[in-house]
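Inspection log for the structure reproduced underneath, given as structure tokens.
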């Protein structure tokens, strides 16, 4: 599925089964949210979230994504030692790594695209209930694919 995000200023390729969550509930302007139905049917298995965030002045990518994870789940809720980093192969204009944290039974996988020239970080995350390790790898593959497909083709319209 070719998704047009933020008024078609960013494009990304998502799994075909994704459903735009804005058809189900209000979504903040800084986010784009999609749901992946469970293969078993009846419920939504994973949430794919694009989040435009304020750029954090951390040189190391892992430090920047840890900062956003701590902001996301609350500083007292996670131990930074539980944040793991998995390198991602991405186009040269996308600096990304996939990291994950488990919080209250939910796994949050995230890749961070640094847009320093626009004072913005784009956090692409997939949230889901804890799964066996083999399913975690499948979800990592989905997030890698989504991150690699991100095309920020109209930044001037998006960022002014």
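The values are calculated or read from the model by the stated rules, or taken from the named source; none is laboratory data. Since this is a predicted model, take the numbers as computed values, not measurements. Glycine also receives a Cβ, built like all others from the backbone with ideal geometry; neighbour counts cover every protein chain displayed.
Anything in region 3-18 that is within 16 Å of the chain's Cα centre (by Cα) and surrounded by fewer than 16 Cβ atoms within 10 Å (Cβ to Cβ)? List them, or say none. Result: 4, 13, 15.
Quick grid of which residues meet (1) modelled with pLDDT under 85; (2) buried (at least 16 other Cβ atoms within 10 Å of the Cβ):
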position: 32; (1), (2): no, yes
position: 40; (1), (2): yes, no
position: 46; (1), (2): no, yes
position: 65; (1), (2): yes, yes
position: 70; (1), (2): yes, yes
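Counting only residues that are outside any loop (DSSP other than H, G, I, E, B), surrounded by fewer than 18 Cβ atoms within 10 Å (Cβ to Cβ) and touching a strand residue (DSSP E or B) at 6+ places or on another chain (Cβ under 8 Å), region 104-126 holds 1 of them.
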